[in-house]
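To start, the structure under review is shown below, and the notes come after it.
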Amino acid sequence: MKNGESLKKNRDFQFVYKNGTSYANKYLVMYVLRNQQTKNRLGISVSKKVGNSVVRHRITRLVRESYRLNEELFQLGYDIVVVARVAASSIGYWETERALLHLAARHHIKVEIENHDKKSDD
């Protein structure tokens, strides 16, 4: 993540939960709060209810990679906490990316960039 870093401290997560806004879809819940920095901070939370440690770490990697590859689409200056739902345990990368970008658009922190389509119009 070139324009961001990770949220690590529990108090940072709790502050975003308490003061941020949230939207959810079938797989993820996203909390967003404006910070006083010129970069985004991403926190990922996956409960033990979602699965064992292998499943939880897989979901964490999928969310982090989805964010990293689409980082230029996110406005800067936000603390973002992504919480995985139980349904996320069975999805792959593309569904994770779609769910993450859907929530970013709902929060109005997604910037539209031309020619970002993954499909070629050839």
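Descriptive notes on the structure:
- One residue stands out in segment 19-35 among those that are surrounded by 15 or more Cβ atoms within 10 Å (Cβ to Cβ) and of a type in the set (S, T, N, Q): the one that is farthest from Arg61 (Cα to Cα), namely Asn35.
- Comparison of Thr60, Thr38 shows that the only residue that is among the β-branched types (Val, Ile, Thr), out of contact with any Phe, Trp or Tyr (no Cβ under 7 Å at 6 or more places or on another chain) and either open to solvent by 50 Å² or more (accessible area, probe 1.4 Å) or in a loop (DSSP other than H, G, I, E, B) (or both) is Thr38.
- Sole residue being acidic (Asp, Glu), farther than 20 Å from Ala99 by Cβ and open to solvent by less than 80 Å² (accessible area, probe 1.4 Å), chosen from Glu5, Glu65, Glu71: Glu5
- Residue in segment 11-18 that is within 18 Å of Arg106 (Cβ to Cβ), assigned to a helix (DSSP H, G or I) and open to solvent by 20 Å² or more (accessible area, probe 1.4 Å) present: yes
The values are calculated or read from the model by the stated rules, or taken from the named source; none is laboratory data. Everything numeric here is computed off the predicted structure, so don't read it as measured data. Here the Cβ is made from the backbone with ideal geometry for all residues, glycine too, and neighbour counts use every protein chain on show. Just so you know, the surface numbers come from the protein's heavy atoms only, side chains and all, with ligands and any DNA or RNA stripped out. Shrake-Rupley method; radii C 1.70, N 1.55, O 1.52, S 1.80 Å.
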